[in-house]
Amino acid sequence: MSNMKLVGVAKEVAENYRETLATLTFNNKIVINTLTEIAKENMKYASVVVGVIEERLRKVESDKMLPLMYLIDSICKNHGGPYKELFQQNLVSNFAYIFQQVNEKALSKKDKTKATQVRGLLYKLRLTWGDRYQVFTDQKLYQLDKKIRTIDPAWPVTVPKDRPQTGVPSTKIHVNPAFVGKTPPIELPKVDEDETEKMRAELLRKEKELIQLKQQQIDMQIQEYKQKMAQTAKPEESSNTVVSTTTSEPSTNKHPKKVRNSGEISSTLFLLNLDNKYSNIKYQSHPCFNMRAKITILIIKKIE
């Protein structure tokens, strides 16, 4: 691509990218990442960027070709289209050119060993373009394999897999009516009945043991409560006996008073008899009553 075909911004983009690309003289990750980002910024001029890279690929020495292929790989994997479609157009010729130039430039034994290593690295790179990666189409990679096979008979050729083509109407689809509208039954995991019974019996046994332990705890609490009640009852009985002995002494001291009371009762009965004996006697109101009171006092004193 000559400068005469580019004008304006496209020419400026080509010149700037070419200047930065000249610094990629070996497998420098920093430079490759920088050129990859510049390619993203100039996505509108993708064809210009691709032209600059392919132009340099044909001019540099053989030992500087592999870094350029790594740059193509980085741009296609990070940014995809339209770079993938543009690089894929000359992929077979560019890849074959590098593969052949590396071998032809190797004159000494050391160079041949290095050329063999570069070819091995090219093969590893090619493996990351197909299958599940889909950087380039299987048909294009198949063409690449066949081309390299003509240069190196040991190069393996990967036959493209049959993939459904997008945009092409498919043929008739045969559906088994027996499966339409039916869902497969869901199979529940089978549970061993014997194992279930064992687990249930074990659970019942544990519950029974728990009930027995609770009953024992309740019985122990009742027994402790009874013992405490018995201990508190003994001091009360001893205090009652002391009170009874102390209260019995005054009763003996009051015994004469009880006799005196009986005398008083007997004297009272005597007075009642006396009253009955002289009940027919009529007395005057106050003087007779005073006389009768004096007689009563004298009789009581004699009795005492």
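The values are calculated or read from the model by the stated rules, or taken from the named source; none is laboratory data. Quick caveat, the model's predicted, so the values are computed rather than measured. As a convention, Cβ positions derive from the backbone with ideal geometry for all residues, glycine included, and neighbour counts pool all protein chains shown. Just the protein is used for accessible areas: all its heavy atoms, side chains included, with ligands, DNA and RNA removed. Shrake-Rupley method; radii C 1.70, N 1.55, O 1.52, S 1.80 Å.
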Output for segment 87-142, where each listed residue is under 16 Å from Pro156 (Cβ atoms), open to solvent by 50 Å² or more (accessible area, probe 1.4 Å) and part of a loop (DSSP other than H, G, I, E, B): Asp131
Residue match in segment 46-66 (condition: of a type in the set (Ser, Thr, Tyr), open to solvent by 10 Å² or more (accessible area, probe 1.4 Å) and over 47 Å from the mean Cα position of the chain (by Cα)): yes
Tabulated pairs, segment 36-52, first among the aromatic types (Phe, Trp, Tyr), second open to solvent by less than 70 Å² (accessible area, probe 1.4 Å), C-beta under 7 angstrom, 6+ apart or interchain: Tyr45/Ala10; Tyr45/Val13
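Is it the case, given these coordinates, that Arg18 is in contact with a Leu (Cβ under 7 Å, 6 or more places away or on another chain) and charged (D, E, K, R)?
Details: in contact with a Leu (Cβ under 7 Å, 6 or more places away or on another chain): no; charged (D, E, K, R): yes.
When the stated conditions are applied, Arg18 does not pass them.
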Residues of segment 143-160 that turn out to be without any contact (Cβ under 8 Å) to a residue 40 or more places away in the chain, open to solvent by less than 70 Å² (accessible area, probe 1.4 Å) and in a helix (DSSP H, G or I), as a count: 1
